[in-house]
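Notes follow the structure.
The values are calculated or read from the model by the stated rules, or taken from the named source; none is laboratory data. Computed from a predicted structure; not experimentally measured. Please note: Cβ atoms are built from the backbone with ideal geometry, for glycine as well, and neighbour counts cover all protein chains shown.
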Amino acid sequence: MSRSPSERMKFSLAPLSLALAGIVLMTSCGEPDSGSGQQGSSASGKRHNVVFISLDSVRQDRLGIYGHKPEYAPNVEVTPNIDRLATEGVVFDECWATSSWTLPSHMAAMTGLSDAAHGVVHDHIKLDPKRGTLAQHFQNAGYATAGFFSGPYLDAKYGFGKGFDYYASGMMSEAELAGVLSKAAQEKAAQGGSPTLSEMEMIAIRDRVSHEDITSPRINELGMEFLDMHGEQPFFLFLHYFDAHYDHIPEKMEPGLGKKFDPNYSGNFSPDRWYFNPEVREVDAQNNRNARKINERDLGHIQAYYDAEIHWVDRHVGQVVKRLKELGVYENTIIAIVADHGDEFFEHGSIGHRGSLWTEVCKIPLILKLPNSPAPGKRVAQVVRMYDIAPSLADFAGLTAMPDVQGTSIRSLLNSSTAASRDMISNLSSVMPASPGQWKAQTQEAWRDERYTILRMLQCKPFADRTDKFPTFSQVVAFRKVGGQGGSPYMFFDRQTDPMERTPLPLTHPGFAPALDRFVKESRRLQQSQTVLSQSHPSERWAQAKTEEEIRTLIAMGYMEESEAKNQAKVHLPAFAPYPVPLKTGF
């Protein structure tokens, strides 16, 4: 039976009320407090609540707390609510995503593992059943857990629902999506085509809908309903806001919102569907190149509308903070705000994300509001990794340490200005057809500390997708040389003088050798910790080809039978070996 978004939310949350009641009963009967005696607990012994907020596609350098002022409306604040929260908490200036797209970056945040260790680096892979999650850790400690997401890569089919009492989409309802698909089929038939959409056509429409959907109000409706019913038991709430993701349609969110950030624009370029607009760039997919066509002022107009959408998301974050205060739980609630990645605007010749590991897509905001914060407004200059977030939230909430994680709590960074420096390794993996029945994979890798960046490229030999023949897949990933560095696979940057990583330095630079030493050390640490993790057979890690929401929609429209719903992924990828440790010779 189809329901409106509001009806679906209330119906779906009804069983959660019973689950929450059960948790209240369990805690009142004397369940041990796993955080007892730890620094994260409040003076009364009551454990802290956690609200974990993810801002999809939000660059660090577009938030006010990081110094941003809109180029065409400098007196307008882009993120007043987040900035205000930051003055009460801690701001991290060197937080880095593990990748430049949603799926692996969020999985790192939820598991405390690097991308290589959690392995969810392709559309066809889900989390190994043997891996734990942050939500599961809180659930096991007696917390009420709920998560609400608004982008397709946060779907439960990838393993994100593990540990949540309730995990739900705030995207367009199945009934609304079915209406969009039916209209598209009618338009196709009116033009003389088949009245039935192909699977590829439906996938393309669903993808476009996800870009044009406006989801923040639904996420807040779901999140606030959960907060209103939480009772006295501690809670872990995850909120994912997708509305800053391209395309940029603030005028559809609220008339005048986009113009507020670019009031004097006199051009005629529309940021609506700009990412797919052939007037923006000429794509040479074969050589992986883009030729920019859009002029500087029109590009600035797009970025102004990007600011407007970030402002829209910030407004909804502010509503959540307000509700926490109204419920009297704000003071005892940890609030963590982070982005999963940023976006490119031709800084390195391209747009969007999931194409590179440059600063603009990997450097992300991280703001942490802690109960009884010892240093409100503190700025932290040390590197923080995406996979440090999960163990840190468990620590600050007063829980026992998460098992089998590669990240570490950032508590020491708050208590000392001389805390040890950290290293960060990001990856961007892609799988592409090599020949009929054969696939090839490559991985970009970026190592960073507080100052330097080293990039390298890895690739492996073609392989088949018949994993019954490759139960362990032990092929060694080989280097691919990178031009412009004397034949070496490395590119080296000093972000102190080149913050946007535009000009690679010669490898004879005195900073390169010690930086490479640290790259080698961190790579070995990650590899060693990854190899001790037990692994399921690859077949246990193949994600469904369609989300549950898509399946329900297709069944409702008659495009799929119930018996077809449990289909496997289209590509049966083998398990990948750990990425090789860098060699000081470069080969």
Among the residues of the stretch 228-269, write down those that are of a type in the set (A, V, I, L, M) and either within 18 Å of residue 316 (Cα to Cα) or under 27 Å from the mean Cα position of the chain (by Cα) (or both).
237, 239, 244, 249, 253, 257
Which ones in the stretch 525-546 are surrounded by 18 or more Cβ atoms within 10 Å (Cβ to Cβ), of a type outside the set (A, V, I, L, M) and within 17 Å of residue 579 (Cα to Cα)?
530
Only one of 147, 112, 151 that is more than 25 Å from residue 550 (Cβ to Cβ) and small (Gly, Ala, Ser):
112
Answer residue from the stretch 102-128, given it is small (Gly, Ala, Ser) and in a loop (DSSP other than H, G, I, E, B) and is nearest to residue 338 (Cα to Cα) among those
112
Residue 232 of a type outside the set (A, V, I, L, M) and closer than 22 Å to residue 150 by Cα:
no
Could you tell me whether the stretch 385-393 includes any residue that is farther than 26 Å from residue 518 by Cα, modelled with pLDDT of 95 or more and buried (at least 20 other Cβ atoms within 10 Å of the Cβ)?
yes
Applying the selection to the stretch 414-463, what residues are farther than 18 Å from residue 108 by Cα, in a strand (DSSP E or B), in contact with an Asp or Glu (Cβ under 8 Å, 6 or more places away or on another chain) and not charged (D, E, K, R)?
439, 452, 453, 455, 457, 458
State all residues of the stretch 148-188 that are among the hydrophobic types (A, V, I, L, M, F, W, C), under 23 Å from residue 316 (Cα atoms) and under 18 Å from the mean Cα position of the chain (by Cα); if no residue qualifies, say none.
148, 149, 154, 160, 164, 168, 171
Evaluate the stretch 499-512: report whether one residue or more is part of a helix (DSSP H, G or I) and modelled with pLDDT of 60 or more.
yes
Unique residue being under 15 Å from the mean Cα position of the chain (by Cα) and modelled with pLDDT of 95 or more when the list is 399, 428, 370
428
In the stretch 107-124, is there at least one residue being β-branched (Val, Ile, Thr), closer than 24 Å to residue 224 by Cα and crowded, with 24+ Cβ neighbours inside 10 Å?
no
Based on what the data block shows, is residue 225 among the acidic types (Asp, Glu), over 25 Å from residue 306 (Cβ atoms), assigned by TED's automatic domain parsing to the domain that holds residue 162 and in a loop (DSSP other than H, G, I, E, B)?
no
Return only the number of the condition from (1) over 15 Å from residue 60 (Cα atoms); (2) buried (at least 20 other Cβ atoms within 10 Å of the Cβ); (3) not aromatic (Phe, Trp, Tyr) that residue 331 does not satisfy.
(2)
Quick check, is residue 173 closer than 28 Å to residue 275 by Cβ, of a type in the set (Ser, Thr, Tyr) and in contact (Cβ under 8 Å) with a residue 24 or more places away in the chain?
yes
Restrict the check to the stretch 188-198 and report whether at least one residue is assigned by TED's automatic domain parsing to the domain that holds residue 329 and among the polar types (S, T, N, Q).
no
Can we say residue 237 is buried (at least 23 other Cβ atoms within 10 Å of the Cβ), hydrophobic (A, V, I, L, M, F, W, C) and either assigned by TED's automatic domain parsing to the domain that holds residue 389 or not in a loop (DSSP other than H, G, I, E, B) (or both)?
yes
Test: residue 86 is closer than 30 Å to residue 300 by Cβ, of a type in the set (Gly, Ala, Ser), in the same structural domain as residue 320 (by TED's automatic domain parsing) and assigned to a loop (DSSP other than H, G, I, E, B)
no
Only listed residue being among the charged types (D, E, K, R), in the same structural domain as residue 394 (by TED's automatic domain parsing), touching a residue at least 24 places away in the same chain (Cβ under 8 Å) and part of a helix (DSSP H, G or I), chosen from 206, 218, 131:
218
Restrict the check to the stretch 107-114 and report whether at least one residue is within 15 Å of the chain's Cα centre (by Cα) and over 26 Å from residue 571 (Cα atoms).
yes
Taking the stretch 255-295, which residues are exposed (fewer than 10 other Cβ atoms within 10 Å of the Cβ) and either among the β-branched types (Val, Ile, Thr) or under 18 Å from residue 354 (Cα atoms) (or both)?
285, 286, 287, 288, 291
